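S.K.: Input: one structure, supplied below.
The values are calculated or read from the model by the stated rules, or taken from the named source; none is laboratory data. All figures in this text were calculated on a predicted structure; none of them were measured in a lab. Glycine also receives a Cβ, built like all others from the backbone with ideal geometry; neighbour counts cover every protein chain displayed. Ligands, DNA and RNA are stripped out before the accessible areas are found, and what is left, the full protein with its side chains, is counted by its heavy atoms. Shrake-Rupley method; radii C 1.70, N 1.55, O 1.52, S 1.80 Å.
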Amino acid sequence: MAKILTGGVGKAEVATAVTGLGIDGIEIAVSNDMDAAAALRAGRADYFLGTCHTGAGASLGVLVGLLGQADCHTFGRSVPTEADVTALLADGKRVFGFALDRIETVAPLMARAIAARAV
Amino acid sequence: MGTALAAADAALAFSPAQQLLVVGVCALTATVAHLALAVFNDGVRPFMLDFIHGRTTRNATGAVSFGLSAGFVFGLGAPMALSTGVLNPWLLFLPTDVLGILAPRAWLAPLLGAAWGAVVVFGLGGANELAHGLPVDFLTAMRQMSTPILFLFALFPALAVTKQFGRLRGGLTGAVELGLVVLTMRVWPGVFAGAPAMAAGVLMLIGFAVAADVRAVRTPPAPAPPGSEGAEDPMASLFSAGAARLRRHLPLFMALGAGVCVLAQMKVFGGGEATSFLIAKGHYTEAAQVDFYRVFGFLPLIATTALASGAYGIAGFTLVYPIGYLLPNPLVAAAVGALVFALEVLALSSVGRALGRLPSVRDCSEHLRAAIGDALGLAILFGSLMAANAMGGGLGILICGGLYLLNEAMGRPVVRMAAAPAAVLVGGVALNGLYWLGLFAPVTGGPA
């Protein structure tokens, strides 16, 4: 079971978009950047999905500073493919930022790719 | 006319002192960005940490900054400045972020910043004059946007309360706000109707959030998982390193605070989304109120990203905007602005620590920003269609609304928030083209 935390401006929307899909193997909860950074460091959560207008700043917040750039990736306003996401996850990325107006495409894509890894 | 607040007849005319000030402030902000001490774009700040530590290049960071800012400069900053005649931080400070970071030499940063300031004060005025001279005057039409923006913006606290604390309290806040808007219009017709409502809404949101945090403290805390004490440490050490870096450059920040505060005092600049329209109308007290409530949506974000990255905000907590609007003269504004920035930078670590203990307050700033986005999204779309109608009637609506829908259908190459104003600008040019081809007659006797 992979635990995903959401944060940023669209944190509730991301959680709703993923919960409605009924994907097995993941658990998603609304959080915020500071609590999520502590949870990810302590191993109490596995992934963070952050959102804001640009897909970079508020969405990643303090996580880049605390976990390091190596753990973080922002899609900005771009829409990744399933292969992109799988490669990034394999690369060890745990924190992802994307733009508010991309939630409906990026959030389910991320959730499915994380679930596929968790199995 | 009580509810239709069309912006004043703005000409983007600057006095020599104002031109000099804008050029000087842009030179300063570009220098500060070059030194990685402050950037305006909250999205760029997290990336400054790696840049400060030399783990990434100037060009790579500049590319990030450009990518995150360009849409907001052309979609938000420029159309707002053109339609109100008042400058705004997106138009001035996002480009100086990019130019300052990209400048390969320290001496080049202030020159590039000053050049941008000059382009804005001289170029924008010319573009404005040129556009007003066209047969289809789309800039005058764009003032239609002010009414929906001003009035829908007033409702953002109610949306934030609903998102954070549910329908009951959200409905209550909405009812209080609506009541206050109606009351203000009846009893104090000279006051911008949204201001008292916004004050009440933001106070209610903060009240609910503080109450939730106090309740959470009173209930016995969940047993701390082993190792959580250690997990708290890295945050504290990261934050203290950031705060120490910023404190070392206090004099430069005081100069920055002075510059931004004088800019606000000179009445040629509006800090928030709704403020430019109010400044253009000369409603400075109301503009100060609107920008003051907006501070609550951004303060936690700016504080935490500044502490984590060691790079502050160009406008700090943006408190210098409302203070600047209210001050009597530029000299006082310079002194007060410097003092405010000094206090902000010195208080930054305590603010960070306090925010760490107040999760609901931190959440409420995220909900406030989401609510501002939602309210503005509708207001800008609706206002853009009103502008399209004013300049081209049904054909204008067809072209501008059509461009907006096309952008949506193509997967939003243009940010949704900027798509409608951009469509109005493109539509305005298209209608002028049709006029020259003899295929379109301008809407006569447009709204005065």
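S.K.: Do the conditions hold for B:Phe51, that is, is it buried (at least 24 other Cβ atoms within 10 Å of the Cβ) and among the aromatic types (Phe, Trp, Tyr)? Spell out the reasoning first.
M.R.: Numbers: buried (at least 24 other Cβ atoms within 10 Å of the Cβ): no; among the aromatic types (Phe, Trp, Tyr): yes.
Criteria not met by B:Phe51.
S.K.: A further question on this structure: So, A:Ala58, is that one out of contact with any helix residue (DSSP H, G or I) (no Cβ under 7 Å at 6 or more places or on another chain), within 11 Å of chain B (Cβ to nearest Cβ) and modelled with pLDDT under 90 or not? Can you show your working first?
M.R.: Values: out of contact with any helix residue (DSSP H, G or I) (no Cβ under 7 Å at 6 or more places or on another chain): no; within 11 Å of chain B (Cβ to nearest Cβ): yes; modelled with pLDDT under 90: yes.
So A:Ala58 fails the test.
S.K.: Can you spot a residue in region A:4-17 that is out of contact with any Ser or Thr (no Cβ under 9 Å at 6 or more places or on another chain) and buried (at least 24 other Cβ atoms within 10 Å of the Cβ)? It would help to see each step written out before you state the result.
M.R.: The initial filter retains those residues of region A:4-17 that are out of contact with any Ser or Thr (no Cβ under 9 Å at 6 or more places or on another chain), namely A:4, A:16-17.
Filter once more, keeping what is buried (at least 24 other Cβ atoms within 10 Å of the Cβ): A:4.
Within region A:4-17, one or more residues are out of contact with any Ser or Thr (no Cβ under 9 Å at 6 or more places or on another chain) and buried (at least 24 other Cβ atoms within 10 Å of the Cβ).
S.K.: Could you identify the single residue in B:Ser365, B:Ser384 that is within 30 Å of B:Ser237 (Cβ to Cβ) and either in contact with a helix residue (DSSP H, G or I) (Cβ under 7 Å, 6 or more places away or on another chain) or away from chain A (no Cβ under 13 Å) (or both)?
M.R.: Working: B:Ser384 fails: within 30 Å of B:Ser237 (Cβ to Cβ).
Of the residues listed, the single one that is within 30 Å of B:Ser237 (Cβ to Cβ) and either in contact with a helix residue (DSSP H, G or I) (Cβ under 7 Å, 6 or more places away or on another chain) or away from chain A (no Cβ under 13 Å) (or both) is B:Ser365.
A quick yes/no check of all residues on (1) among the β-branched types (Val, Ile, Thr); (2) within 12 Å of another protein chain (Cβ to nearest Cβ); (3) open to solvent by 20 Å² or more (accessible area, probe 1.4 Å); (4) within 14 Å of the chain's Cα centre (by Cα):
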site	(1), (2), (3), (4)
B:Ala60	no, yes, yes, no
B:Val64	yes, yes, yes, no
B:Val73	yes, no, no, yes
B:Gly77	no, no, no, yes
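S.K.: Let me ask something else about it. Residue pairs, Cβ under 7 Å, 6 or more apart or interchain, first in region B:403-414 and within 13 Å of another protein chain (Cβ to nearest Cβ) and over 15 Å from B:Val426 (Cβ atoms), second of a type in the set (D, E, K, R) and surrounded by 13 or more Cβ atoms within 10 Å (Cβ to Cβ). List them.
M.R.: Correct list of pairs: B:Arg412/A:Asp101.
S.K.: Which of the residues belonging to region B:92-109 are surrounded by fewer than 24 Cβ atoms within 10 Å (Cβ to Cβ) and assigned to a helix (DSSP H, G or I)? Break it down stepwise before answering.
M.R.: Of the residues in region B:92-109, the ones surrounded by fewer than 24 Cβ atoms within 10 Å (Cβ to Cβ) are B:102-108.
Correct list: B:Leu102, B:Leu108.
S.K.: Go through region B:405-424 and give me each residue that's modelled with pLDDT of 90 or more and open to solvent by 40 Å² or more (accessible area, probe 1.4 Å).
M.R.: Within region B:405-424, B:Leu405, B:Leu406, B:Glu408, B:Ala409, B:Met410 meet the criteria.
S.K.: Evaluate the following for A:Ala45: is it under 30 Å from B:Ala311 (Cβ atoms) and in a loop (DSSP other than H, G, I, E, B)? Outline the logic, then answer.
M.R.: Working: under 30 Å from B:Ala311 (Cβ atoms): yes; in a loop (DSSP other than H, G, I, E, B): yes.
Against the criterion (under 30 Å from B:Ala311 (Cβ atoms) and in a loop (DSSP other than H, G, I, E, B)), A:Ala45 qualifies.
S.K.: Same structure again: List the pairs whose first member sits in region B:233-260 and is open to solvent by less than 20 Å² (accessible area, probe 1.4 Å), whose second member is at pLDDT below 95 and among the polar types (S, T, N, Q), and whose Cβ atoms are under 6 Å apart, counting only residues at least 6 apart or on separate chains?
M.R.: Every condition considered, the pairs that remain are B:Ala243/B:Ser349.
S.K.: Run B:Gly337 past the list (1) touching a residue at least 60 places away in the same chain (Cβ under 8 Å); (2) closer than 27 Å to B:Leu355 by Cβ; (3) within 15 Å of the chain's Cα centre (by Cα) and report the number of the one that doesn't hold.
M.R.: (3)
S.K.: Need the failing condition index for B:Gly113 against (1) crowded, with 24+ Cβ neighbours inside 10 Å; (2) out of contact with any Gly (no Cβ under 8 Å at 6 or more places or on another chain), just the number.
M.R.: (2) is the only condition that B:Gly113 fails.
S.K.: Further question: Might you check whether a residue that is open to solvent by 10 Å² or more (accessible area, probe 1.4 Å), away from chain B (no Cβ under 12 Å) and over 22 Å from B:Arg45 (Cβ atoms) occurs anywhere in region A:37-49?
M.R.: yes
S.K.: Then there's this: Restricted to region B:133-142, and to residues that are part of a helix (DSSP H, G or I) and not aliphatic (A, V, I, L, M), which residue is least open to solvent (accessible area, probe 1.4 Å)? Explain how you work it out, then say what you get.
M.R.: Filtering region B:133-142 down to residues part of a helix (DSSP H, G or I) leaves B:138-142.
After this cut, where a residue has to be not aliphatic (A, V, I, L, M) as well, the list is B:138, B:140.
Working: B:Phe138: 19, B:Thr140: 51 Å².
So the residue we want is B:Phe138.
S.K.: What's the number of the condition B:Ala274 fails, among (1) open to solvent by less than 10 Å² (accessible area, probe 1.4 Å); (2) over 18 Å from the mean Cα position of the chain (by Cα)?
M.R.: Status for B:Ala274: all satisfied but (2).
S.K.: So for region A:77-90 (the condition being facing chain B (nearest Cβ under 7 Å), assigned to a helix (DSSP H, G or I) and open to solvent by 20 Å² or more (accessible area, probe 1.4 Å)), does at least one residue qualify?
M.R.: No, every residue in region A:77-90 fails to be facing chain B (nearest Cβ under 7 Å), assigned to a helix (DSSP H, G or I) and open to solvent by 20 Å² or more (accessible area, probe 1.4 Å).
S.K.: When residues of region B:117-132 are filtered for being open to solvent by 60 Å² or more (accessible area, probe 1.4 Å) and either among the aliphatic types (A, V, I, L, M) or at pLDDT 95 or above (or both), how many remain?
M.R.: Looking only at region B:117-132, we keep the residues that are open to solvent by 60 Å² or more (accessible area, probe 1.4 Å), and these are B:119, B:122, B:129-130.
Those still in the list that are either among the aliphatic types (A, V, I, L, M) or at pLDDT 95 or above (or both) too: B:119, B:130.
Residues meeting the conditions: 2.
S.K.: I'd like the full set of residues that are more than 9 Å from every other protein chain (Cβ to nearest Cβ) and in a helix (DSSP H, G or I), limited to region B:45-58. Talk me through it step by step, then tell me what you get.
M.R.: We begin by selecting, within region B:45-58, every residue more than 9 Å from every other protein chain (Cβ to nearest Cβ); these are B:48, B:51-54, B:57-58.
Selection gives B:Met48, B:Phe51, B:Ile52, B:Arg58.
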